[in-house]
Amino acid sequence: MSDRILALTLTSLDQDKAEDVVSINLRGKSSMADHMVVCSGRSTRQVAAISEKLVERLKAELGVACKVEGKGQGDWVLIDTGDVVVHVFRPEVREFYQLEKMWMTPAAQA
């Protein structure tokens, strides 16, 4: 199921013009999820819209209920599907936290 969630997530982010999408395989690295996806939206409004559409699509197409945090702020929205964790950032906030660098292997960062 996690691969189906990941595929739908990546498609949804692409359709909604998310930028700099990075998918990180967490299998064997963490028990919290199988995959992490990090992406950016250009504004707080786009970050909120990308997140909202993704949650709607996951529910409608796969019946996945997501936990969502941060949508009101629009700086960093966390979407937890259970198998896939999605972080949607404004670019400045993403640059500050550099979340994907903590999880990527050194070879993948090069």
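Straight-line cross-link reach from residue 71 at under 18 Å between alpha-carbon atoms covers these lysines, not counting any fewer than eight positions away in the same chain: 17, 53, 59.
Dimensions of the chain based on its C-alpha atoms, expressed as ranges along the principal axes with the largest first, amount to 35, 32, 22 Å. In the chain, helical runs assigned H by DSSP with n ≥ 4 each contribute -39500 (n - 2.57); averaged across all residues and rounded to the nearest 500, the mean residue ellipticity at 222 nm is -13000 deg cm²/dmol.
When 89, 96 are arranged by Cβ crowding within 10 Å, least crowded first, meaning fewest neighbours, the order is 96, 89.
Take the Cβ atoms of residue 59 and residue 95, set R0 to 30 Å, and the FRET efficiency comes out at 0.45. Dipole size of the stretch 2-95 about its Cα centre, with +1 on Lys/Arg Cβ and -1 on Asp/Glu Cβ: approximately 100 debye, rounded to the nearest 20.
Other residues lying with their Cβ under 14 Å from the Cβ of residue 96 contribute a combined charge of -1, Lys and Arg counting +1, Asp and Glu -1.
Treating each Cα of the stretch 1-62 as one equal point scatterer and applying the Debye formula with no solvent, the log10 of I(q)/I(0) at q = 0.12, 0.16, 0.19, 0.27 Å⁻¹ comes out as -0.30, -0.52, -0.72, -1.17. Computed over neighbours whose Cβ is under 14 Å from that of residue 26, the net charge equals -3, Lys and Arg +1, Asp and Glu -1. Electrostatic tally near residue 15: other residues with Cβ closer than 15 Å to its Cβ, Lys and Arg +1, Asp and Glu -1, net -3.
Only the coordinates and a few stated rules stand behind these numbers; no lab work does. From a predicted model like this one, the values you see are computed outputs, not experimental measurements. Here the Cβ is made from the backbone with ideal geometry for all residues, glycine too, and neighbour counts use every protein chain on show.
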